[in-house]
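Reviewing the structure listed below.
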There are 2 protein chains.
Amino acid sequence: MSEYRVAVVGGTHGNEFSGIHLVSQWQNAPEALARPGLSVETLWAHPRAHEANCRYLDADLNRQFTETLLGDPQQRNYEALLAKALDQQLGPKSDPKTDLIIDLHNTTSAMGPTLILLQNDPWARQLAAYVKGGMPEAVILLEDNEPESGWGYLCSVARRGVMVEVGPQPQSVLRQEILDQMAQMVGLILDFVSACQLGQLPSLPAEVEAFRYLETRTLPLDEAGRPVAMVSRELDGRDFQPLAPGDPVFTYFDGKVACLGGEKTLYPHFINEAAYYQSHAAFSLAEKITLKP
Amino acid sequence: MSEYRVAVVGGTHGNEFSGIHLVSQWQNAPEALARPGLSVETLWAHPRAHEANCRYLDADLNRQFTETLLGDPQQRNYEALLAKALDQQLGPKSDPKTDLIIDLHNTTSAMGPTLILLQNDPWARQLAAYVKGGMPEAVILLEDNEPESGWGYLCSVARRGVMVEVGPQPQSVLRQEILDQMAQMVGLILDFVSACQLGQLPSLPAEVEAFRYLETRTLPLDEAGRPVAMVSRELDGRDFQPLAPGDPVFTYFDGKVACLGGEKTLYPHFINEAAYYQSHAAFSLAEKITLKP
């Protein structure tokens, strides 16, 4: 039986400290990640962004891994070049040598320990159930409404890719609680793929609560493209809490309040994420779903 | 009676959004700050750092305003030059034209709405009592253990200087609750100096709880100057809560825990502040004191 190849990647964004710290630690103590049937490597994706203490130098590395961008010889900013090199190293996306990439991220939003899955298939549903079983506080977020290749995420260059997204943690800070949650979730993912590889998967619950990404809402802007409102105080910090039609979402700087429209209760996340300041993304919306492994 | 000159300054640090937003808003609606007996100007101290979405370009602007640095012709980094220009505009420190500077700051630490005072004199104690009276959740922090001129704070170039420091707020984010707290505290300070100027100060409580800065603790470092520990999860987020000898303060990356020494319960603040990442400052310690206005 050939070994299942896993890459655990940290520091895709230079100011998200948990993954950088864990990957550095695991490079000195690889036994912490060793599991039967697995070959696990660790990679610090973007040390130069960390040296500069910022998310990226020229462009967001974690949006560079579409087939279009990887194949475009005009793409010559630093992260585009780095993406091509990482695709060679871990992929290539067209025929990957890596079976699974686990990419580690932090958010300034209060999302807790979130496992982001890019497809809804039996493997992903079983992984979700396994992780929730070992870590009830884990949040499962499914981003399957765009073809996996479309997102441009680093983890999409392997056969399978997942992201571990833990917050709230300000940029450029290490919080022990966040670090511990990230390490625990990575351990559970490795336990799961090891059990799969050995044919020793335990029985799993029949249903798992999850959230399915629907859309991202941007701040209201004026004609010059500047925000004229902020996330309302009632919404801020309430990631994955129910948001009903009529609940306030934006407070305009003139005092007016905008509320959620529609007819369905939804679940906001990435609320007021600092990294989305330039894109003016205010929050994303998900629906609550039930996964049946 | 000559008018009392107040400067409300925001954006001394480019990625602390609340003050930048409020100053911009007040420049369009100066009546919000108008008070009898006062001449109030608003100033955005460092727009270029905000354009770069960072705290500063070359050096921390809010450490440049010592007499030594202001008078040193060798100081030619961007913030040193900007400090000299601001000193000309608002000071000069040796004979200030501004009676009071209110400098607006955010912290990623959970410090709440904190009023930082640089001296312990009747005026400062009365201000503390007035602000606490109007805003019971306000925290009074006294940094009087170094001569005021020594800190190098921007607000030190006026006859009197105070800082309004509100958190938790990640860098590069606007949180409505934090913004509202900052605006409320600035309003109370202006109400106070207006009342003083008119001789209409109301009766004040006999005692006010405050914290007095003692020292800053840095992360434990290895011989190469890299951190070997992080703020412990028990301490993180507990700004101004009592910290007793024997309480954990650092968790080493090898799992060991370091506790507070000494024999006195102290009050940590600026815990895990992201801006202090480069200096490795982990938290500051204060003692609780009672001010008698």
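Using the Kirkwood radius built from alpha carbon pairs, what does the Stokes-Einstein equation give as D for region A:193-287 at 10 °C and 1.306 mPa s, in µm² per second? Rounded, D is 104 µm²/s. When the alpha carbon coordinates of the protein assembly as shown are projected onto the principal axes, the ranges are 89, 54, 47 Å, largest first.
The length gained by stretching the chain between A:Thr265 and A:Ala206 to full extension, at 0.36 nm per residue less their Cα-Cα distance, is 18.8 nm.
Diffusion of region A:233-291 by Stokes-Einstein, at 20 °C in a medium of 1.002 mPa s and with Rh set to the Kirkwood radius over alpha-carbon pairs, works out to 176 µm²/s. Of all the options A:Gly167, A:Gly133, A:Gly246, the one that moves most in a Gaussian network model of chain A with Cα springs shorter than 10 angstrom is A:Gly246. Using a ≥ b ≥ c from the Cα gyration tensor of region B:127-202 (square roots of the eigenvalues), is it rounded, prolate or oblate, where a/c under 1.5 gives rounded and otherwise the larger of a/b and b/c decides, a/b for prolate? Oblate. Shape of region B:61-113 from its Cα gyration tensor (a ≥ b ≥ c, root eigenvalues): rounded if a/c is under 1.5, otherwise prolate when a/b > b/c, or oblate? It comes out oblate by the Cα gyration axes. Here the spin labels are modelled as points 7 Å beyond Cα on the Cα-Cβ line, and at A:Lys292 and B:Glu215 they lie 6.4 nm apart.
Mind listing which GluC sites (Glu not before Pro) in region B:171-272 are in a DSSP loop and have 16 or fewer other Cβ atoms within 10 Å?
Of the GluC sites (Glu not before Pro), the ones in loops of region B:171-272 whose Cβ has at most 16 other Cβ atoms within 10 Å are B:Glu207, B:Glu223, B:Glu234, B:Glu263.
Its Cα gyration tensor gives chain B an equivalent ellipsoid, and the semi-axes of that ellipsoid, as √(5λ) in whole Å with the largest first, are 31, 24, 18.
Radius of gyration over Kirkwood radius for region A:47-191, both on Cα atoms: the Rg/Rh ratio is 0.97. Considered as an equivalent ellipsoid built on the Cα gyration tensor, region A:1-72 has semi-axes of 25, 19, 7 Å, the largest given first.
The mean count of C-beta atoms from other chains within 10 Å of the C-beta of residues in A:47-53, rounded to a whole number, is 1. Placing dummy labels 7 Å off each Cα toward the beta-carbon, the span from A:Asp95 to A:Leu198 is 3.3 nm. Partner shielding of A:174-184 amounts to 4, given as the average count of beta-carbon atoms from other chains within 10 Å of each residue beta-carbon. Restricting the trypsin sites (Lys or Arg not before Pro) of region B:88-126 to loop positions (DSSP other than H, G, I, E, B) with no more than 15 neighbouring Cβ atoms within 10 Å leaves B:Lys97.
Taking the alpha carbon gyration tensor of region A:128-279, multiplying each eigenvalue by 5 and rooting it gives semi-axes of 34, 17, 16 Å, largest first.
Nearest 0.05, what FRET efficiency do B:Glu146 and B:Asp191 give at R0 = 25 Å with Cβ-Cβ as r? With a Förster radius of 25 Å, E is 0.30.
Taking 8 Å as the Cα distance limit and 6 or more residues as the minimum spacing, I'd like the relative contact order of region A:220-293 as a percentage. Averaging sequence separation for qualifying contacts and normalising by length gives 26 percent for region A:220-293.
Seen against the Cα atoms of chain B and their longest principal axis, helix B:17-28 is set at about 10 degrees.
Helix-derived [θ] at 222 nm for chain B: sum -39500 (n - 2.57) over DSSP H runs of at least 4, divide by residue count, nearest 500? After summing the helix terms and dividing by the residues of chain B, the value is -7500 deg cm²/dmol. Chain B comes nearest to the axis taking it onto chain A at the Cβ of one residue; that residue and its distance, in whole Å, are B:Pro170, 2.
What does the copy distance list look like for B:Pro205, label position 7 Å along Cα→Cβ, in nm and ordered from shortest? Inter-copy label distances (nm, one decimal, shortest first): 4.7. Sorted from nearest, the other copies put their B:Glu223 label points 6.6 nm away, the label point being 7 Å from Cα in the direction of Cβ. Quick check on region B:198-241: what does the Kirkwood estimate of hydrodynamic radius come out to from the alpha carbon pairs, in Å? Taking every pair of different Cα atoms in region B:198-241, averaging 1/r and inverting gives 15.1 Å.
No lab work stands behind these numbers, since they all come straight from the coordinates. All values reported here derive from a predicted model rather than from experimental measurement. Quick reminder, even Gly has a Cβ in these numbers, built from the backbone with ideal geometry, and neighbours come from all protein chains shown.
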